[in-house]
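Following: one structure in structure tokens, then a few remarks.
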Amino acid sequence: MTPPRLSWTWKRFEALSLDELYDALALRCRVFIVEQGAYLDPDGLDRESWHLLGHDGTGVLQAYLRVLDPGAKFSEPSMGRVITSPEVRGTGAGRLLVAEGVRRIDEAWPGQANRISAQAHLADFYGGFGYVVQGESYLEDGIPHVEMVRAAEFGHPPPLMSPGSGCARPSSLTSLRGVPEPSGSQRRGGAA
């Protein structure tokens, strides 16, 4: 499948319009609560975050993530609430979203590592973006997670890697296909 064309919006919480906030929370609810089980998604950290929204050509929100400021959860900036709508899963939209998120982190905090709390079954997916597992898996909201760090020396633009292929810098959207895409039942969400 061809990755969808998404237009990106990058805003602080207070700059989000009511419609943007509603759409983001509705997509998060659809994936993180309806698909994955009940937990408190609005965790009080949205106000300390940048929000990346990916809309398709008709204006429908298809992809979303947030980036917590350093110190909000970890000492480094932290990408989380990484989701794509069920309609675009398997198209590469998740790879586009994470690549854009990492690029935005590198611009906002140049030369600084970033840390995520990823669902354990997505460790290889995030590994394709330079993230490395730190420590043992743990349960977060009843789902196995692992802490992962992307070292500062990766710099900007973000490298995308296939397992065992070393570092490659994308020159087009087609180069994103080297990053493993979650399959089947693994396409339920992303990092917390």
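A compact table of results
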| quantity | calculated |
| --- | --- |
| Residues (among the hydroxyl-bearing types (Ser, Thr, Tyr) and within 15 Å of PRO70 (Cα to Cα)) located in the stretch 88-140 | SER117 |
| Residue match in the stretch 96-114 (condition: of a type in the set (D, E, K, R) and either open to solvent by less than 10 Å² (accessible area, probe 1.4 Å) or more than 15 Å from the chain's Cα centre (by Cα) (or both)) | yes |
| Every residue from the stretch 78-95 that is surrounded by fewer than 17 Cβ atoms within 10 Å (Cβ to Cβ) and of a type in the set (D, E, K, R) | GLU87 |
| Check on ARG66, in a strand (DSSP E or B), in contact with a Ser or Thr (Cβ under 9 Å, 6 or more places away or on another chain), at pLDDT 95 or above and under 18 Å from VAL102 (Cβ atoms) | yes |
| Pairs where the first residue, in the stretch 72-98, is on the phi > 0 side of the Ramachandran plot and the second is among the acidic types (Asp, Glu) and open to solvent by 10 Å² or more (accessible area, probe 1.4 Å), C-beta under 7 Å, 6+ apart | GLY90/GLU181; GLY92/GLU181 |
| Selection within the stretch 35-59 - over 14 Å from GLY80 (Cα atoms) and either open to solvent by 30 Å² or more (accessible area, probe 1.4 Å) or not in a strand (DSSP E or B) (or both) | GLU35, GLN36, GLY37, ALA38, TYR39, LEU40, ASP56, GLY57, THR58, GLY59 |
| Check on GLY178, surrounded by 20 or more Cβ atoms within 10 Å (Cβ to Cβ), at pLDDT below 95 and of a type in the set (Gly, Ala, Ser) | no |
| Complete set of residues in the stretch 60-77 that are under 17 Å from ALA93 (Cβ atoms) and open to solvent by 50 Å² or more (accessible area, probe 1.4 Å) | VAL60 |
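The values are calculated or read from the model by the stated rules, or taken from the named source; none is laboratory data. As the structure is a computational prediction, the values presented were derived from the model and not from experiment. Because the Cβ atoms are built from the backbone with ideal geometry, glycine has one as well, and the counts that use them run over all protein chains shown. Keep in mind that these areas ignore ligands, DNA and RNA; they rest on the heavy atoms of the full protein, side chains included. Shrake-Rupley method; radii C 1.70, N 1.55, O 1.52, S 1.80 Å.
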